[in-house]
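Engineer: Before I ask anything, let me first share the structure, which is written out below as structure tokens.
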Amino acid sequence: MGLIELWYLDQSGFAPTLPTGYTWARIGARTLVRYEAPEGRRVNAVGALAPFDSGGPRLVFETRRTDQGKYDTPAHLRFVREVVAGIPPDAPVGYRRARPCVVVLDNYAVHRSQLVKEQTPALQALGVRFFYLPPYSPELNAIELLWRQVKYQDLPDRSHTTAQALQDAVDAALTKRAQNWHQCHADLPRSA
């Protein structure tokens, strides 16, 4: 058939005080955004975007606070295998996806770790392949624009006093964006 499932995967960090692109204020008024120190209160997100999926663009993601652990190689492999590729944790021997899954990645150390290299043949047998982008080319990763949109447009509160509040806001923004993409595609007329 020649069809693949194409996913763009990347991580992004969110600080308690998010960047302010612009703001409005009365002439002569000074607008202040409260600053929250980031120590131990960052939220990291890993996401994968399938912009060309036959059912419409799909976004899957996970977030974790600093106190919930790092996004390390085992977490990366689990996210790719179970969340992106949809392979059950207890897949039987000989299991293979119906459609090949290609995951586009940057050159982050976790993506190229020794454990990932060791697991690559097993993932390929399941129907999952990695495609690494050239170094220093984030513009080639379709999910990069998503991170910018979430940080600058989807999080109206620019400062969060707790890591849990920040995580809840990031989860809500990513969930809403995923639902909006799905709804926009569902509203498009179908060709005969």
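The values are calculated or read from the model by the stated rules, or taken from the named source; none is laboratory data. Values in this document were obtained by computation on a predicted structure and should not be read as measured data. We place every Cβ from the backbone using ideal geometry, glycine too, and count neighbours over all the protein chains shown. Remember, those area values only see protein heavy atoms, side chains included, never the ligands or the DNA or RNA. Shrake-Rupley method; radii C 1.70, N 1.55, O 1.52, S 1.80 Å.
Engineer: So, VAL116, is that one closer than 17 Å to GLY47 by Cβ and among the aliphatic types (A, V, I, L, M) or not?
Structural biologist: In short, no.
Engineer: State which residue is farthest from LEU6 (Cα to Cα) when the search covers only the stretch 50-63 and only residues that are open to solvent by 40 Å² or more (accessible area, probe 1.4 Å) and at pLDDT 95 or above.
Structural biologist: My answer is GLU62.
For (1) at pLDDT below 90; (2) in contact with a Gly (Cβ under 9 Å, 6 or more places away or on another chain); (3) not acidic (Asp, Glu), each residue gets a yes or a no:
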| position | (1), (2), (3) |
| --- | --- |
| GLN124 | no, no, yes |
| PRO135 | no, no, yes |
| ASN141 | no, no, yes |
| TRP147 | no, yes, yes |
| ASP157 | yes, no, no |
| ASP171 | no, no, no |
| TRP181 | yes, yes, yes |
| HIS185 | yes, yes, yes |
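Engineer: Regarding the stretch 163-174, can at least one residue be identified that is without any contact (Cβ under 8 Å) to a residue 12 or more places away in the chain and closer than 17 Å to GLY56 by Cα?
Structural biologist: Within the stretch 163-174, none of the residues are without any contact (Cβ under 8 Å) to a residue 12 or more places away in the chain and closer than 17 Å to GLY56 by Cα.
Engineer: If VAL150 passes every condition in (1) touching a residue at least 12 places away in the same chain (Cβ under 8 Å); (2) out of contact with any Leu (no Cβ under 8 Å at 6 or more places or on another chain) but one, which one does it miss?
Structural biologist: (2)
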